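Heads up, the thing below is written out as structure tokens.
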Amino acid sequence: MSASEERYRDALEAAAGHARRWLESQGTRRIGPQATAAELAADFGGPLPQEGMPAAEVVDYLAAKAEPGLMAMPSGRFFGWVIGGTLPAALAADWLLSAWDQNTGLRFATPATAAIEEAAGKWILELLGLPEESDVGFATGATMANFTGLAAARWRLMADAGWDLDGDGLAGAPRIRCFVGQERHETIDLGLRYLGLGRPTVVPSDRQGRIIPAELDCALDLALSAGEGGRPVPALVCLQAGNLHSGAFDPLVEAIAIAKAHVDGAFGLWAAAVPELSALTAGLGLADSWGTDAPKTLNVPYDCGIVIVRDARALRSAMGLHAVYLIQAADGAGDPSERVPELSRRARGVPVWAALKSLGRDGVASQVRTLVHRAAQLADQLAALDGVEVLNDVDYTQVSLAFGDDAVTRAVTERVMGDGRVWMSGSRWQDRDILRISVSNWSTDDADVRIAVDAVRDALAAVRG
Ligand SMILES: Cc1ncc(COP(=O)(O)O)c(C=O)c1O
């Protein structure tokens, strides 16, 4: 064995051992970190050493020193934000991907990873019932997936209005009116800002955070009447499949009938894989583009966002880059780099492919179904406790709790966060402080649900004295 081969072997074996021990500790370990970033700074910082350290020792050092500062996000008892765990096949595929080290921008240069991504894309369309002509790209997360879908929409709306966006830019371009529900995720505004589309018009939502179609209609009418010279006003509505407080889905059929639509389904898009949740996602396939995050509900490791755009030409025009040294494949499937904002990139679709291959269609449906079931168990058992209000009335993966007034809710939240057995986060929703539970980990089981209910009950009892 050569010296370089030995160094790989030692480092990878050390990493595999540490990774296994970390994952095996998830069932019993404390969830929250026990050291702050400031406390850990000295272990990782200081002057850059003059001399290096053998690779396996670096890995051992990293694992030992990071341990107290790790949040047990892959644990079934982690309920903070919508994060998800990692499926074994997806995690292992992610390791392989790092070892392969394929810069998957060009189809002809990295055919294996390009073909795997194309297959994953087709499976996703099939699984979610989205138009088969759509193009699928793998970005870093839902934020960039949504940004990419919005960029394709901007390109198409400008082209339809007779404006050459690529040639003439935004100065003097027709104004695109963007509409969002009151409870859209803030990253939608960020995407619009990146694209120079400005602040969107905010349309009122109902008590669970769903956009109200009649209000969208009114807002659009108003914008149309303000249009110049009777010319049509380019308009785009950003809808949401899965509200992070209530789990609610916007009424897609009604809203999509009103304007060109992008759907942010960061964690909710996967509901479309479950036949009995079809009421939530009715009309999903009528939109023009969709964004989601694969770690959240599918449970691949971070990071991986998925953008799906019906109008492949608009996507590739918005994202494509052509240079003399980047030789494109002659066949028509297009290069991975034409579908996302980055040129040189990790083939994030590979862990997605592995997750789908290991679960199959039934397995994805069953995983989403289980998350929804766990959230219902939590909501039911918590609602039965004296002094607990469950504020959401949607059966998906989110549970929002209040405990009387805001001061009590804040005190309970603080105690739950410091409890160690589980981790949940605070938020503010419908003008109230809340304790928010997200069920997004495939491994959360009955015992985890029991522990979560105990942790909330104990925190409330302690606050009440
Ligand atoms: C509805 C919604 N949209 C967008 C995002 C942003 O996703 P990401 O963190 O993958 O960029 C989130 C994150 O939780 C979300 O819940």
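Things to note:
- The slack between Ser425 and Gln34, meaning 0.36 nm per residue of separation minus the straight C-alpha distance, is 139.1 nm.
- Most to least accessible of Glu57, Glu389 (protein chains only, probe 1.4 Å): Glu57, Glu389
- Fraction in percent of alpha-carbon pairs per bin - 5 Å, the stretch 5-72: 3, 15, 22, 21, 19, 13, 6, 2, 0
- Set against the 2.2 N^0.38 Å expectation for a compact globular protein, the stretch 94-355 has a Cα radius of gyration ratio of 0.99.
- Average projected area [Cα convex hull, the chain], square nanometres: 25.7 nm²
- When each of the peptides 369-378, 147-156, 109-118 is scored by how many other beta carbons lie within 10 Å of its residues on average, the order from highest to lowest is 147-156, 369-378, 109-118.
- Base-10 log of normalised Debye intensity for the stretch 107-226 (one unit scatterer per alpha-carbon) at q = 0.13 Å⁻¹: -0.71
- Residues Asn103 and Asp386, FRET efficiency given R0 of 60 Å [Cβ-Cβ distance, rounded to 0.05]: 0.55
- Burial ranking of peptide ranges 41-52, 174-185, 452-463, 87-98 (average Cβ count within 10 Å, highest at the top): 174-185, 452-463, 87-98, 41-52
- Here the chain has 54 percent of its accessible surface on carbon and sulfur atoms, given a 1.4 Å probe and all protein chains in place.
- FRET efficiency estimate (nearest 0.05) - Cβ-Cβ, Ala42 to Asp393, R0 41 angstrom: 0.25
- Contour excess over end-to-end distance, with Cα ends at Leu70 and Gln328 and 0.36 nm allotted per residue: 88.6 nm
- Note that the stretch 187-321, at 4 °C in a medium of 1.567 mPa s, gets a Stokes-Einstein diffusion coefficient of 81 µm²/s from its Kirkwood radius over C-alpha pairs.
- The aspartates and glutamates within cross-link reach of Lys65, meaning a Cα-to-Cα straight distance under 16 Å and a gap of 8 or more places when in the same chain, are Glu39, Asp43, Glu57.
- Per residue, the accessible area of the chain comes to 45 Å², computed with a 1.4 Å probe over protein heavy atoms only.
- Distance-filtered residues of the stretch 71-111 - backbone nitrogen under 11 Å, label point 7 angstrom along Glu24 Cα→Cβ: none
- Spin-label zone in the stretch 1-35 - amide nitrogen under 15 Å from a point set 7 Å from the Cα of Tyr61 along the C-beta vector: 11
- With eigenvalues of the C-alpha gyration tensor scaled by 5 and rooted, the stretch 206-276, Å: 28, 13, 9
- 24 Å Cα-Cα reach of Lys296 towards lysines, excluding residues that sit fewer than 8 places from it in its own chain: Lys122, Lys357
- Selection from Met73, Val439, Leu224, by position along the positive dipole direction of the chain (Cβ): Leu224
- With Cα atoms as the point set, the stretch 352-444 shows a radius of gyration and Dmax of 15.3, 47 Å.
- Percent RCO, i.e. relative contact order, over the stretch 5-72, from Cα pairs under 8 Å lying at least 6 residues apart: 58 percent
- For the chain, size of Cβ-based charge dipole, Lys and Arg +1, Asp and Glu -1, in debye: 100 debye
- Per-pair calculated FRET efficiency, R0 = 35 Å: Glu342 and Asp405 via Cβ, rounded to 0.05: 0.15
- When you restrict to C-alpha pairs under 8 Å that are six or more residues apart and normalise by the size of the chain, the relative contact order lands at 22 percent.
- Potential lengthening between Met1 and Asp217 on full extension [0.36 nm per residue; Cα-Cα distance subtracted]: 70.8 nm
- Length-normalised contact order for the stretch 337-465 - Cα pairs under 8 Å, 6+ apart - percent: 22 percent
- Ranked by the mean number of other Cβ atoms within 10 Å of their residues, highest first, the peptides 358-364, 429-435 come out as 429-435, 358-364.
The values are calculated or read from the model by the stated rules, or taken from the named source; none is laboratory data. Being a predicted model, the structure only gives us computed values, none of them experimental. Glycine gets a Cβ as well: all are built from the backbone with ideal geometry, and neighbour counts include every protein chain shown. Only protein heavy atoms, including side chains, enter the accessible area calculation; ligands, DNA and RNA are left aside. Shrake-Rupley method; radii C 1.70, N 1.55, O 1.52, S 1.80 Å.
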